[in-house]
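For reference, the structure discussed in these notes is given below.
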Amino acid sequence: MGRGRPLNPAPLPFFLVRDLTPQDSRSSFEIPFRLDRDAERLEISFSYEPKEFADRKESLRMVAACLDRSGNDRTGAEEVAPQPESFLPLSNLITLSLDREGQYIGCAHRHDPVQFHRIGLEGSSPGFLTVPVLAGLWRLVVSVHCILNPICRMRVSVVARGAKESS
Amino acid sequence: MSDPEYAFPVRAGSDELRYLPCELHCHSQHSDGHWTVSELLRAGAGEGLSLLALTDHNTFSGIAELTPALQAETIPAIPGIEWTTDYGHLLVLAAARDVDWRTANLRNIDEKLAEIRSAGGLCGIAHPFRPGDPICCGCTFEFEVGRFDLVDFIEVWSGPFPPARSECRRALAWWSGLLDRGYHIAATHGRDWHGRSPGAGGALQACTYLGFSNGIPTVAGALDALRGGRTVVSLGPLATFVLERDADGAVARIGDRVDWSGVRAPALSCTVTVSGGWPKPEGGSGHGADMPSGGESDMRAESVAILGRGGRVVWESALEKDAGTGVPASAAGRFSTDSPYLRLELRGTCAGTLRTLALSSPVWIGKP
């Protein structure tokens, strides 16, 4: 799935930092992790920075190129002509999705650069199914949709809370 | 994924086909929408919509909230998901199992479409010509689809005030080209509803009318309408048409697939009916833009055109006024055509400009 170094399943808790570049845009990578015992919930912290691409001149150039690619009339003669300024600030976008043993649990497709998600039977965060946190092989997939800054630092951690005794 | 079948309040049905306003592209807080699922359905009901589809980005976690009780209180909702990939966005409706969007790429999309079809799902292409990266990640449709027979619908219109925007004109032309190649793909509008958003203003919205065969808006009926090509996209007025073959009185309506190709350029009678339809919604779309705004009072249907292969106008006519209301409401005429399909466009003035107010999926009358 996508580019990026494959990782071995990590035991919990883990904390991962990765620097992403524009070359990572339109790619994804997996973060497999192993849960040895059933738990009450998983807690996933996810963040990346910077969110916004501050180079205004380069942003306007990229917007113009994007509008050209989409066939926009450059004459501005359209009744509702796109206003390049209205698309600023451009921003980086990274999203997380989660599955366990082949069952898709969900995704946090939103633009917040700082996210905290709970997964568990007591209620999961929006975007994720309410499922039991069972021992087994889990997987986060990081979808790197768009990176504009030379470096965008991503941090993700996963913690299991309320570990249950093995039966 | 949850069972897509839901119970709905039993209402008196009929054999009468009825077109009702729907919205097939909506987001909730389960992705980047503003509203909860409950708020979304209440907003849809409040705007006079008869049905909507919940299509959160890359998740179906909101579907559990589409309870029978909520839908009975508001409007029915199709369980769906919007595949939000780097190569395009796809609306997947009512699939009985998950098909992994994360492994879709430019060249394996046909396999994915086949998987969705085998899971009982419908597949629609969302906003194919919306500007993509870095303005809107993956929003331009780039997938190299070969099997367009696996595509059930295309958003020929999307976002606020579609006829005023060039991306929608390009989508319409693309869809028309696919019809020319013989693909039975329904036309839809996608508001891409994210809920209230500051700055969205009162841009005029469109809807998709779905033709419910028994007159009752249900999830099953909506899926049947999409599969059967019984759709009309519109800024408000509902425009439908019926063809009758002069030779024997055989009749065909929007979405029908009949074979009248035995006679070259059959002589046809066409009857178009226009009604007031869906009222203009208040509020914004979630996509702020300086859009023209207007309401029913600002909109006036004036003429209709029947278009065939190559987007060529086969017949057009001014609308006749209804004797009672004085509102332009119908047209009738006769023509012959070699085109394998015919579709309707309703034209008139809105926000001070002559433009397309509504358009239908085609009637198929011959082999492409």
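Looking at the range A:84-160, the GluC sites (Glu not before Pro) that sit in a DSSP loop and have at most 16 other Cβ atoms within 10 Å of their own Cβ are A:GLU101, A:GLU122. Taking the C-alpha atoms only, the angle from helix B:109-118 to the longest principal axis of chain B is near 90 degrees.
This ranking places A:SER124, B:SER303, B:SER31 by how few other beta-carbon atoms lie within 10 Å of each, fewest first, which gives B:SER303, A:SER124, B:SER31. Residue order for B:ASP98, B:ASP133, fewest other beta carbons within 10 angstrom first, comes to B:ASP98, B:ASP133. Our helix-only sum for chain A, with -39,500 (n - 2.57) per DSSP H run of n ≥ 4 divided by its residues, gives a mean residue ellipticity at 222 nm of -2500 deg cm²/dmol.
For chain A, the longest piece that avoids every one of the trypsin sites (Lys or Arg not before Pro) found in DSSP loops with at most 16 other C-beta atoms within 10 Å covers A:75-163. For the range B:85-91, backbone phi angles converted through the Karplus equation (6.51, -1.76, 1.60; θ = phi - 60°) give residue-by-residue couplings of 9, 6, 10, x, 10, 10, 8 Hz, Gly and Pro being listed as x.
Averaged across B:57-66, how many Cβ atoms of other chains sit within 10 Å of each residue's Cβ atom?
On the way: counts 6, 9, 12, 5, 12, 3, 1, 2, 1, 0.
Mean partner shielding for this stretch: 5.
Note on A:144-153: average number of Cβ atoms from other chains within 10 Å of each residue's Cβ is 2.
Charged side chains reduced to their Cβ positions (Lys and Arg at +1, Asp and Glu at -1) give the protein assembly as shown a dipole of some 720 debye around its Cα centre.
The 3J(HN,Hα) values that the Karplus relation (6.51, -1.76, 1.60; θ = phi - 60°) gives for the range A:25-37 are, in residue order, 4, 6, 9, 8, 9, 9, 10, x, 9, 10, 10, 7, 9 Hz. Gly and Pro appear as x. Residue farthest toward the positive end of the dipole of the range B:303-348, with Cβ of Lys/Arg at +1 and Asp/Glu at -1: which of B:ALA329, B:GLY310, B:LEU346? Projecting each Cα onto the dipole axis, the largest value belongs to B:GLY310. Of all aspartates and glutamates in the structure, those lying under 14 Å Cα to Cα from A:LYS57, and not within fewer than 8 positions of it along the same chain, are A:GLU85.
Inter-chain Cβ neighbour count for B:302-313, averaged per residue, equals 0 (cutoff 10 Å, partner chain atoms only). Against chain B, whose longest principal axis is taken from its Cα atoms, helix B:37-46 shows a tilt of about 30°. Computed over chain A with a Gaussian network model linking Cα atoms closer than 10 Å, the most mobile of A:LEU67, A:LEU129, A:LEU88 is A:LEU67. By the count of other C-beta atoms within 10 Å, a proxy for reagent exposure, B:HIS184, B:HIS189 are ordered fewest to most as B:HIS184, B:HIS189.
For the protein assembly as shown, the residue among B:CYS137, B:ALA53, A:HIS111 whose Cα projects farthest onto the positive side of the dipole built from Cβ charges is B:CYS137. With contributions of -39500 (n - 2.57) from each DSSP H run of at least four residues, the per-residue ellipticity at 222 nm computed over chain B stands at -4000 deg cm²/dmol. When trypsin sites (Lys or Arg not before Pro) are flagged only if DSSP places them in a loop and at most 12 other Cβ atoms lie within 10 Å, the longest unflagged stretch of chain B comes out as B:12-96.
Local charge for A:ALA108 was computed over the other residues whose Cβ lies under 12 Å away, with Lys and Arg +1 and Asp and Glu -1, and equals -1.
Each value in this text was obtained by applying a stated rule to the coordinates, not by laboratory testing. Note that the structure is predicted; figures quoted are calculated from it, not measured. Glycine gets a Cβ as well: all are built from the backbone with ideal geometry, and neighbour counts include every protein chain shown.
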